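In what follows, a structure is listed as C-alpha coordinates, so that the remarks can point back to it.
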Amino acid sequence: MQGRTPKTLGLAIVGAGRVGLFRGEVATRHPSVGWIGIAELNPNRAASVAEKIGADYVTNSHRELLARPEVNCVIIATDEHLHIDPIMAAVERGLPMLIEKPLATDLAASARVLAAIETAGLDAVVGYTQRFRRRWLAAKEKCRSGSLGEIELVTSRAFMNRLVAIDNYKRTDDPSTISPLVISGTHALDICMWCLDAKTPTEVYARSVNKVLGPLYQGIDATAGMIMFSDGTVYHLSISWAMPVTWPAAVYSLEVGIAGTTGVLTIDDTHRDIVLAVSKPQSEGYNPDESRLVDFMGSYPPGDMAMGELRGPMAEETVSWLNRMALGIPTVAATAAEAHRNLMLTKALDLSARLKKPVPLPLDPAVLAAAA
(Lines give C-alpha, C1' and ligand atoms only; values in the text may rest on other atoms or scores of the structure.)
Protein backbone atom coordinates (compact mmCIF):
# COMPACT_ATOMS: atom_id res chain seq x y z
CA MET A 1 0.00 0.00 0.00
CA GLN A 2 2.94 2.33 0.55
CA GLY A 3 3.05 5.05 -2.07
CA ARG A 4 -0.23 3.97 -3.70
CA THR A 5 -2.53 6.88 -4.56
CA PRO A 6 -6.27 6.10 -4.34
CA LYS A 7 -8.28 6.64 -7.50
CA THR A 8 -11.09 9.19 -7.22
CA LEU A 9 -14.36 7.42 -7.89
CA GLY A 10 -17.30 8.69 -9.90
CA LEU A 11 -20.02 6.27 -8.81
CA ALA A 12 -23.20 5.57 -10.76
CA ILE A 13 -26.02 3.84 -8.85
CA VAL A 14 -28.67 2.33 -11.11
CA GLY A 15 -31.78 1.70 -9.03
CA ALA A 16 -32.49 3.67 -5.87
CA GLY A 17 -34.52 1.15 -3.92
CA ARG A 18 -33.53 -0.29 -0.54
CA VAL A 19 -30.18 -1.61 -1.70
CA GLY A 20 -29.34 1.43 -3.80
CA LEU A 21 -29.94 3.62 -0.77
CA PHE A 22 -27.95 1.36 1.55
CA ARG A 23 -24.94 1.26 -0.73
CA GLY A 24 -25.25 4.96 -1.58
CA GLU A 25 -25.17 5.94 2.09
CA VAL A 26 -22.02 3.85 2.60
CA ALA A 27 -20.45 5.40 -0.51
CA THR A 28 -21.02 8.96 0.70
CA ARG A 29 -18.74 8.21 3.66
CA HIS A 30 -15.95 6.66 1.57
CA PRO A 31 -12.97 9.02 1.13
CA SER A 32 -12.35 8.01 -2.49
CA VAL A 33 -15.87 8.73 -3.74
CA GLY A 34 -15.88 12.19 -5.29
CA TRP A 35 -19.08 12.07 -7.34
CA ILE A 36 -22.35 10.08 -7.15
CA GLY A 37 -25.10 9.87 -9.76
CA ILE A 38 -28.46 8.08 -9.50
CA ALA A 39 -30.73 6.58 -12.15
CA GLU A 40 -34.20 5.76 -10.81
CA LEU A 41 -37.52 5.44 -12.65
CA ASN A 42 -39.64 6.57 -9.68
CA PRO A 43 -39.14 10.37 -9.47
CA ASN A 44 -40.22 10.65 -5.84
CA ARG A 45 -37.89 7.86 -4.79
CA ALA A 46 -35.06 9.33 -6.84
CA ALA A 47 -35.46 12.73 -5.18
CA SER A 48 -35.64 11.20 -1.70
CA VAL A 49 -32.52 9.06 -2.08
CA ALA A 50 -30.61 11.83 -3.85
CA GLU A 51 -31.25 14.14 -0.89
CA LYS A 52 -30.25 11.50 1.66
CA ILE A 53 -26.91 10.72 0.02
CA GLY A 54 -26.16 14.13 -1.48
CA ALA A 55 -26.15 12.87 -5.08
CA ASP A 56 -24.52 15.11 -7.68
CA TYR A 57 -26.72 13.98 -10.56
CA VAL A 58 -30.19 12.41 -10.84
CA THR A 59 -31.96 11.01 -13.90
CA ASN A 60 -34.59 8.42 -14.82
CA SER A 61 -32.34 6.96 -17.55
CA HIS A 62 -29.50 4.58 -16.72
CA ARG A 63 -28.04 5.12 -20.20
CA GLU A 64 -27.97 8.86 -19.64
CA LEU A 65 -26.26 8.34 -16.29
CA LEU A 66 -23.68 5.87 -17.60
CA ALA A 67 -22.79 8.25 -20.43
CA ARG A 68 -21.66 10.89 -17.94
CA PRO A 69 -17.89 11.54 -18.12
CA GLU A 70 -17.61 11.54 -14.31
CA VAL A 71 -18.65 7.88 -14.04
CA ASN A 72 -15.90 5.29 -13.66
CA CYS A 73 -17.69 2.55 -11.68
CA VAL A 74 -21.26 1.32 -11.34
CA ILE A 75 -23.58 -0.34 -8.83
CA ILE A 76 -26.51 -2.16 -10.48
CA ALA A 77 -29.29 -2.25 -7.87
CA THR A 78 -32.49 -2.56 -9.89
CA ASP A 79 -35.10 -5.29 -9.36
CA GLU A 80 -33.70 -8.73 -10.21
CA HIS A 81 -35.43 -9.01 -13.59
CA LEU A 82 -34.19 -5.58 -14.74
CA HIS A 83 -30.41 -6.09 -14.53
CA ILE A 84 -29.63 -6.93 -18.15
CA ASP A 85 -29.87 -3.58 -19.93
CA PRO A 86 -27.93 -1.59 -17.28
CA ILE A 87 -25.20 -4.25 -17.25
CA MET A 88 -24.89 -4.21 -21.03
CA ALA A 89 -24.82 -0.40 -21.04
CA ALA A 90 -21.96 -0.50 -18.52
CA VAL A 91 -20.15 -3.09 -20.66
CA GLU A 92 -20.42 -0.76 -23.67
CA ARG A 93 -18.58 1.91 -21.69
CA GLY A 94 -16.09 -0.51 -20.16
CA LEU A 95 -17.16 0.27 -16.59
CA PRO A 96 -16.40 -2.04 -13.63
CA MET A 97 -19.51 -3.12 -11.74
CA LEU A 98 -20.97 -4.35 -8.49
CA ILE A 99 -24.16 -6.14 -9.54
CA GLU A 100 -26.86 -7.27 -7.15
CA LYS A 101 -27.52 -10.97 -7.54
CA PRO A 102 -28.46 -12.55 -9.88
CA LEU A 103 -26.92 -11.45 -13.17
CA ALA A 104 -30.34 -12.20 -14.69
CA THR A 105 -33.37 -14.33 -13.85
CA ASP A 106 -33.21 -16.05 -17.26
CA LEU A 107 -30.35 -18.52 -17.80
CA ALA A 108 -29.78 -17.68 -21.48
CA ALA A 109 -29.70 -13.96 -20.67
CA SER A 110 -27.28 -14.62 -17.81
CA ALA A 111 -24.99 -16.51 -20.20
CA ARG A 112 -25.07 -13.60 -22.67
CA VAL A 113 -24.29 -11.09 -19.92
CA LEU A 114 -21.41 -13.20 -18.60
CA ALA A 115 -19.97 -13.59 -22.11
CA ALA A 116 -20.15 -9.83 -22.67
CA ILE A 117 -18.42 -9.10 -19.36
CA GLU A 118 -15.66 -11.64 -19.98
CA THR A 119 -15.12 -10.58 -23.61
CA ALA A 120 -14.74 -6.98 -22.46
CA GLY A 121 -12.35 -8.06 -19.69
CA LEU A 122 -14.29 -6.10 -17.09
CA ASP A 123 -14.00 -6.29 -13.32
CA ALA A 124 -17.55 -7.31 -12.39
CA VAL A 125 -18.56 -8.78 -9.04
CA VAL A 126 -21.96 -9.88 -7.79
CA GLY A 127 -23.54 -9.04 -4.46
CA TYR A 128 -23.52 -12.31 -2.57
CA THR A 129 -23.35 -10.26 0.60
CA GLN A 130 -23.19 -13.16 3.06
CA ARG A 131 -19.57 -13.84 2.05
CA PHE A 132 -18.61 -10.78 4.08
CA ARG A 133 -19.95 -12.08 7.38
CA ARG A 134 -17.32 -13.28 9.84
CA ARG A 135 -18.81 -16.75 10.35
CA TRP A 136 -18.79 -17.60 6.65
CA LEU A 137 -15.31 -16.19 6.17
CA ALA A 138 -14.14 -18.40 9.06
CA ALA A 139 -15.92 -21.42 7.56
CA LYS A 140 -14.36 -20.78 4.16
CA GLU A 141 -10.89 -20.56 5.74
CA LYS A 142 -11.32 -23.92 7.53
CA CYS A 143 -12.38 -25.54 4.25
CA ARG A 144 -9.63 -23.82 2.25
CA SER A 145 -6.88 -24.71 4.70
CA GLY A 146 -7.76 -28.42 4.77
CA SER A 147 -8.85 -28.53 8.41
CA LEU A 148 -11.73 -30.87 7.50
CA GLY A 149 -9.70 -33.06 5.18
CA GLU A 150 -11.50 -33.68 1.89
CA ILE A 151 -15.10 -32.49 2.02
CA GLU A 152 -17.55 -35.24 1.05
CA LEU A 153 -20.95 -34.05 2.30
CA VAL A 154 -22.58 -30.63 2.70
CA THR A 155 -26.09 -29.92 3.98
CA SER A 156 -28.03 -26.65 4.19
CA ARG A 157 -31.53 -25.86 5.42
CA ALA A 158 -33.03 -22.40 4.97
CA PHE A 159 -36.36 -21.26 6.43
CA MET A 160 -37.73 -17.88 5.37
CA ASN A 161 -40.70 -15.74 6.30
CA ARG A 162 -43.27 -15.79 3.48
CA LEU A 163 -43.31 -11.97 3.41
CA VAL A 164 -40.16 -12.18 1.27
CA ALA A 165 -41.83 -14.47 -1.25
CA ILE A 166 -45.00 -12.36 -1.35
CA ASP A 167 -42.94 -9.23 -2.00
CA ASN A 168 -41.16 -10.94 -4.91
CA TYR A 169 -44.28 -12.42 -6.47
CA LYS A 170 -46.11 -9.09 -6.28
CA ARG A 171 -43.27 -7.36 -8.16
CA THR A 172 -43.18 -9.70 -11.16
CA ASP A 173 -45.41 -10.19 -14.19
CA ASP A 174 -44.09 -13.73 -14.70
CA PRO A 175 -44.15 -15.93 -11.56
CA SER A 176 -42.45 -18.74 -13.48
CA THR A 177 -39.17 -16.78 -13.26
CA ILE A 178 -39.46 -16.55 -9.46
CA SER A 179 -38.61 -19.44 -7.16
CA PRO A 180 -37.28 -19.79 -3.62
CA LEU A 181 -34.02 -21.21 -4.97
CA VAL A 182 -33.38 -18.62 -7.70
CA ILE A 183 -34.19 -15.58 -5.55
CA SER A 184 -33.22 -16.55 -2.00
CA GLY A 185 -31.82 -20.08 -1.82
CA THR A 186 -28.96 -18.87 -3.99
CA HIS A 187 -27.38 -17.25 -0.90
CA ALA A 188 -27.01 -20.55 0.96
CA LEU A 189 -25.99 -22.28 -2.26
CA ASP A 190 -23.28 -19.68 -2.92
CA ILE A 191 -21.81 -20.06 0.57
CA CYS A 192 -21.72 -23.86 0.27
CA MET A 193 -20.33 -23.83 -3.29
CA TRP A 194 -17.71 -21.31 -2.11
CA CYS A 195 -16.63 -23.78 0.56
CA LEU A 196 -16.62 -26.63 -1.97
CA ASP A 197 -14.39 -24.45 -4.12
CA ALA A 198 -13.03 -26.25 -7.21
CA LYS A 199 -15.36 -29.28 -7.16
CA THR A 200 -17.34 -29.84 -10.36
CA PRO A 201 -21.12 -30.43 -10.11
CA THR A 202 -22.38 -33.09 -12.55
CA GLU A 203 -26.04 -33.76 -11.72
CA VAL A 204 -28.98 -32.46 -9.65
CA TYR A 205 -32.18 -34.03 -8.35
CA ALA A 206 -35.00 -32.11 -6.62
CA ARG A 207 -38.67 -31.90 -5.61
CA SER A 208 -40.86 -28.86 -4.86
CA VAL A 209 -44.16 -28.21 -3.03
CA ASN A 210 -46.61 -25.34 -3.56
CA LYS A 211 -49.64 -25.63 -1.26
CA VAL A 212 -49.40 -22.09 0.16
CA LEU A 213 -47.96 -19.80 -2.52
CA GLY A 214 -49.25 -21.88 -5.43
CA PRO A 215 -52.93 -20.99 -5.07
CA LEU A 216 -52.15 -17.34 -4.25
CA TYR A 217 -49.35 -16.47 -6.72
CA GLN A 218 -48.75 -19.56 -8.89
CA GLY A 219 -45.58 -19.79 -6.85
CA ILE A 220 -43.41 -22.39 -5.13
CA ASP A 221 -43.33 -22.89 -1.34
CA ALA A 222 -40.23 -25.00 -0.93
CA THR A 223 -37.65 -27.06 -2.77
CA ALA A 224 -35.37 -29.85 -1.56
CA GLY A 225 -32.69 -31.48 -3.62
CA MET A 226 -29.17 -32.77 -4.08
CA ILE A 227 -26.20 -31.70 -6.16
CA MET A 228 -23.77 -34.47 -7.07
CA PHE A 229 -20.11 -33.80 -7.95
CA SER A 230 -17.59 -35.51 -10.21
CA ASP A 231 -15.57 -36.80 -7.23
CA GLY A 232 -18.62 -38.31 -5.45
CA THR A 233 -19.25 -35.39 -3.09
CA VAL A 234 -22.93 -34.69 -2.31
CA TYR A 235 -24.56 -31.39 -1.36
CA HIS A 236 -28.07 -31.80 0.10
CA LEU A 237 -30.08 -28.57 0.33
CA SER A 238 -33.57 -27.41 1.17
CA ILE A 239 -35.31 -24.05 1.35
CA SER A 240 -38.82 -23.00 2.28
CA TRP A 241 -39.87 -19.38 1.93
CA ALA A 242 -43.45 -20.12 2.99
CA MET A 243 -43.02 -19.87 6.76
CA PRO A 244 -45.98 -18.07 8.39
CA VAL A 245 -45.87 -14.28 8.69
CA THR A 246 -45.43 -14.78 12.44
CA TRP A 247 -42.25 -16.85 11.94
CA PRO A 248 -39.76 -14.91 14.11
CA ALA A 249 -36.98 -14.71 11.51
CA ALA A 250 -37.69 -11.50 9.60
CA VAL A 251 -35.94 -12.96 6.57
CA TYR A 252 -33.28 -15.72 6.63
CA SER A 253 -32.78 -18.60 9.05
CA LEU A 254 -30.08 -21.05 7.97
CA GLU A 255 -28.28 -24.17 9.20
CA VAL A 256 -25.24 -25.62 7.41
CA GLY A 257 -23.19 -28.75 7.98
CA ILE A 258 -19.91 -29.54 6.21
CA ALA A 259 -18.43 -33.04 6.70
CA GLY A 260 -14.93 -33.94 5.61
CA THR A 261 -12.69 -36.98 5.90
CA THR A 262 -10.93 -35.63 9.00
CA GLY A 263 -13.37 -33.10 10.44
CA VAL A 264 -16.83 -31.59 10.53
CA LEU A 265 -18.08 -28.02 10.71
CA THR A 266 -21.64 -27.02 11.68
CA ILE A 267 -22.93 -23.45 11.49
CA ASP A 268 -26.12 -22.30 13.23
CA ASP A 269 -27.19 -19.17 11.37
CA THR A 270 -30.80 -19.24 12.55
CA HIS A 271 -30.38 -15.99 14.54
CA ARG A 272 -32.06 -17.41 17.62
CA ASP A 273 -29.36 -15.93 19.84
CA ILE A 274 -31.00 -12.47 19.93
CA VAL A 275 -34.80 -12.50 20.29
CA LEU A 276 -36.85 -9.31 20.33
CA ALA A 277 -40.44 -9.40 21.65
CA VAL A 278 -42.46 -6.16 21.65
CA SER A 279 -45.96 -4.76 22.02
CA LYS A 280 -45.67 -2.52 18.95
CA PRO A 281 -44.38 -3.52 15.47
CA GLN A 282 -40.70 -2.79 14.79
CA SER A 283 -40.67 -2.77 10.94
CA GLU A 284 -38.14 -5.59 10.63
CA GLY A 285 -37.25 -7.16 7.27
CA TYR A 286 -37.96 -6.36 3.64
CA ASN A 287 -41.73 -6.17 3.89
CA PRO A 288 -42.80 -5.34 7.46
CA ASP A 289 -46.13 -6.61 8.78
CA GLU A 290 -47.88 -5.18 11.84
CA SER A 291 -48.88 -8.62 13.11
CA ARG A 292 -45.23 -9.54 13.75
CA LEU A 293 -44.22 -8.80 17.34
CA VAL A 294 -41.34 -11.27 17.81
CA ASP A 295 -38.11 -11.18 15.79
CA PHE A 296 -34.90 -13.15 15.54
CA MET A 297 -32.69 -10.09 15.26
CA GLY A 298 -29.92 -10.22 12.67
CA SER A 299 -31.90 -12.26 10.13
CA TYR A 300 -32.15 -9.33 7.69
CA PRO A 301 -29.30 -10.17 5.25
CA PRO A 302 -27.97 -6.63 4.55
CA GLY A 303 -27.37 -5.98 8.28
CA ASP A 304 -28.97 -3.58 10.74
CA MET A 305 -29.49 0.16 10.98
CA ALA A 306 -27.78 1.36 14.15
CA MET A 307 -26.66 4.84 15.23
CA GLY A 308 -27.88 6.32 11.97
CA GLU A 309 -26.12 4.05 9.50
CA LEU A 310 -26.14 0.51 8.10
CA ARG A 311 -23.95 -1.91 10.05
CA GLY A 312 -23.10 -5.38 8.87
CA PRO A 313 -22.27 -7.37 5.73
CA MET A 314 -23.70 -5.09 3.04
CA ALA A 315 -21.83 -2.08 4.44
CA GLU A 316 -18.61 -4.12 4.66
CA GLU A 317 -19.11 -5.50 1.16
CA THR A 318 -19.67 -2.01 -0.26
CA VAL A 319 -16.59 -0.58 1.44
CA SER A 320 -14.55 -3.57 0.26
CA TRP A 321 -15.69 -3.05 -3.34
CA LEU A 322 -15.00 0.69 -3.21
CA ASN A 323 -11.50 -0.11 -1.92
CA ARG A 324 -11.14 -2.54 -4.81
CA MET A 325 -12.11 0.23 -7.25
CA ALA A 326 -9.95 2.92 -5.64
CA LEU A 327 -6.88 0.89 -4.67
CA GLY A 328 -7.05 -2.40 -6.58
CA ILE A 329 -7.31 -4.42 -3.36
CA PRO A 330 -8.59 -8.00 -3.91
CA THR A 331 -11.88 -8.95 -2.24
CA VAL A 332 -13.82 -12.16 -1.51
CA ALA A 333 -16.73 -10.97 -3.67
CA ALA A 334 -18.40 -13.48 -6.00
CA THR A 335 -17.32 -13.24 -9.62
CA ALA A 336 -19.77 -12.96 -12.51
CA ALA A 337 -18.85 -16.52 -13.49
CA GLU A 338 -19.69 -17.80 -10.00
CA ALA A 339 -22.99 -15.92 -10.09
CA HIS A 340 -23.90 -17.51 -13.44
CA ARG A 341 -22.97 -20.95 -12.09
CA ASN A 342 -25.23 -20.36 -9.08
CA LEU A 343 -28.14 -19.39 -11.32
CA MET A 344 -27.51 -22.45 -13.51
CA LEU A 345 -27.61 -24.74 -10.46
CA THR A 346 -30.82 -23.23 -9.07
CA LYS A 347 -32.49 -23.39 -12.51
CA ALA A 348 -31.38 -27.01 -12.88
CA LEU A 349 -32.82 -27.90 -9.47
CA ASP A 350 -36.11 -26.19 -10.33
CA LEU A 351 -36.18 -28.05 -13.67
CA SER A 352 -35.52 -31.38 -11.94
CA ALA A 353 -38.37 -30.71 -9.52
CA ARG A 354 -40.70 -29.89 -12.41
CA LEU A 355 -39.70 -32.93 -14.50
CA LYS A 356 -39.40 -35.20 -11.45
CA LYS A 357 -36.15 -36.68 -12.70
CA PRO A 358 -32.38 -36.02 -12.46
CA VAL A 359 -30.90 -33.25 -14.63
CA PRO A 360 -27.29 -33.52 -15.89
CA LEU A 361 -24.92 -30.56 -15.59
CA PRO A 362 -23.97 -28.10 -16.89
CA LEU A 363 -27.51 -27.13 -17.89
CA ASP A 364 -27.73 -25.76 -21.42
CA PRO A 365 -30.07 -22.73 -21.64
CA ALA A 366 -31.57 -24.27 -24.80
CA VAL A 367 -32.52 -27.42 -22.85
CA LEU A 368 -34.15 -25.27 -20.17
CA ALA A 369 -36.08 -23.27 -22.79
CA ALA A 370 -37.27 -26.45 -24.52
CA ALA A 371 -38.59 -27.83 -21.22
CA ALA A 372 -40.54 -24.65 -20.39
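I'm checking a number: the convex hull volume of the Cα atoms of the stretch 84-176, normalised per residue, in Å³. What is it? Write out the running numbers ahead of the final one.
Numbers: hull volume 15.8 nm³, N = 93.
Considering the Cα atoms of the stretch 84-176, their hull volume per residue is 170 Å³.
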Checklist entry - What Rg and what Dmax come out for the stretch 5-128 when only alpha-carbon atoms are used, in angstroms? => result 13.5, 40
Next on the checklist: Under 10 Å, Cα contacts only: if you run a Gaussian network model on the chain, which one of Pro175, Pro43, Pro86 comes out with the highest mean-square fluctuation?
Outcome noted: Pro43
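What number comes out for accessible area per residue over the stretch 262-372 if the probe is 1.4 Å? Units Å², please.
On the way: 5510 Å² over 111 residues.
Normalised by residue count, the accessible surface of the stretch 262-372 is 50 Å².
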Checklist entry - ³J(HN,Hα) across the stretch 313-328 via Karplus (A = 6.51, B = -1.76, C = 1.60, θ = phi - 60°), whole Hz, x for Gly/Pro? => result x, 5, 5, 5, 5, 5, 4, 4, 5, 5, 5, 4, 5, 7, 10, x
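Only loop residues by DSSP count here, and only those with at most 11 other Cβ atoms within 10 Å; note down the trypsin sites (Lys or Arg not before Pro) in the stretch 177-249 that meet that. Intermediate results must be reported in sequence, preceding the final value.
Working: sites: Lys199, Arg207, Lys211; in loops: Lys199, Lys211.
Those satisfying the criteria are Lys211.
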Checklist outcome for this item: The alpha-carbon center of the stretch 219-252 and that of the stretch 271-300 are separated, in whole Å, by 22 Å
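Need one number for the stretch 165-234: average projected area of the convex hull over its C-alpha atoms, nm². It would help to have the intermediate numbers written out before the result.
Details: hull surface 20.6 nm².
So the mean shadow area of the Cα hull is 5.1 nm².
Quickly rank 338-346, 259-267 as a protection proxy: mean count of other C-beta atoms within 10 Å, highest first.
Numbers: 338-346: 23.9, 259-267: 14.0.
Final packing ranking: 338-346, 259-267.
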Checklist entry - By how many degrees, 0 to 90 and rounded to 10, does the Cα axis of helix 336-355 deviate from the longest principal axis of the chain? => result 40 degrees
Checklist entry - With springs only between Cα atoms under 10 Å, which of Val74, Val278, Val113 fluctuates most in a Gaussian network model of the chain? => result Val278
Checklist outcome for this item: Carbon/sulfur accessible area of the chain, % of total, 1.4 Å probe, equals 54 percent
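GluC sites (Glu not before Pro) within the stretch 275-311: which are DSSP loop residues with at most 15 other Cβ atoms inside 10 Å?
On the way: sites: Glu284, Glu290, Glu309; in loops: Glu284, Glu290.
In loop regions of the stretch 275-311 (DSSP not H, G, I, E or B), the sparsely surrounded GluC sites (Glu not before Pro) are Glu290.
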Checklist outcome for this item: Going residue by residue through the stretch 185-197, the Karplus relation 6.51 cos²θ - 1.76 cosθ + 1.60 with θ = phi - 60° gives ³J(HN,Hα) values, rounded to whole Hz and with x marking Gly or Pro, of x, 4, 5, 5, 4, 4, 4, 5, 5, 4, 6, 7, 6
Checklist entry - With the other protein chains left in place, how much accessible area per residue, in square angstrom, belongs to the stretch 38-164 at a 1.4 angstrom probe? => result 43 Å²
Checklist entry - Going by a 4.7 Å Cβ-Cβ cut-off, which cysteines of the chain have no partner at all? => result Cys73, Cys192
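Compute the Cα gyration tensor for the stretch 171-326, then decide on rounded, prolate or oblate, letting a ≥ b ≥ c be the square roots of its eigenvalues: rounded whenever a/c is under 1.5, prolate when a/b is larger than b/c in the other cases, and oblate in all that remain.
Details: a/c = 1.68, a/b = 1.22, b/c = 1.38.
Note, shape of the stretch 171-326 comes out oblate.
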Item to check | Note, ³J(HN,Hα) from phi for the stretch 263-273, Karplus 6.51, -1.76, 1.60, rounded to Hz, x at Gly and Pro | outcome: x, 9, 10, 10, 10, 8, 10, 7, 6, 7, 7
Item to check | Kirkwood Rh in Å, taken over all unlike Cα pairs in the chain | outcome: 21.3 Å
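The values are calculated or read from the model by the stated rules, or taken from the named source; none is laboratory data. Every value quoted in this text rests on a predicted model; they were computed, and no experiment measured them. So basically every Cβ, Gly included, is an ideal-geometry build from the backbone, and we count neighbours across all protein chains shown. Each accessible area value is taken on the protein alone, full model and side chains, heavy atoms only, with ligands, DNA and RNA left out. Shrake-Rupley method; radii C 1.70, N 1.55, O 1.52, S 1.80 Å.
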